[in-house]
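Heads up, the thing below is written out as structure tokens.
The values are calculated or read from the model by the stated rules, or taken from the named source; none is laboratory data. Please read all numbers here as calculations on a predicted model, not as lab measurements. Please note: Cβ atoms are built from the backbone with ideal geometry, for glycine as well, and neighbour counts cover all protein chains shown. Quick note on the areas: whole protein, heavy atoms, side chains included, nothing else; ligands and nucleic acids left out. Shrake-Rupley method; radii C 1.70, N 1.55, O 1.52, S 1.80 Å.
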Amino acid sequence: MITKKQQEMDIKKWNDSQRAGYDTCGTYDFCSNCDKTAENPCDKASKASKAAKPAAKKTASKKSAK
């Protein structure tokens, strides 16, 4: 069963491909996590990309006393 997110991404890829004049599948940041043989590959790759990115570290700003 195709997920709603996969359907949305398929439409985006189609529209992007039409504008670009070539197949944009494989050109997105999340594509590095893609398994094209899997069901809903874009959805899964996108989720894997988000899970793999570490959260930004918060840095404490110290003001020096003068």
Full-stretch length increase - residue 51, residue 23 - with 0.36 nm per residue and alpha-carbon distance subtracted: 7.5 nm
Total formal charge among the other residues, if their Cβ is under 13 angstrom from that of residue 15, Lys/Arg +1 and Asp/Glu -1: -1
With DNA, RNA and ligands ignored, accessible area of residue 28 (1.4 Å probe; Å², nearest 10): 50
Apportionment of accessible area to carbon and sulfur, region 1-55, percent (1.4 Å): 55
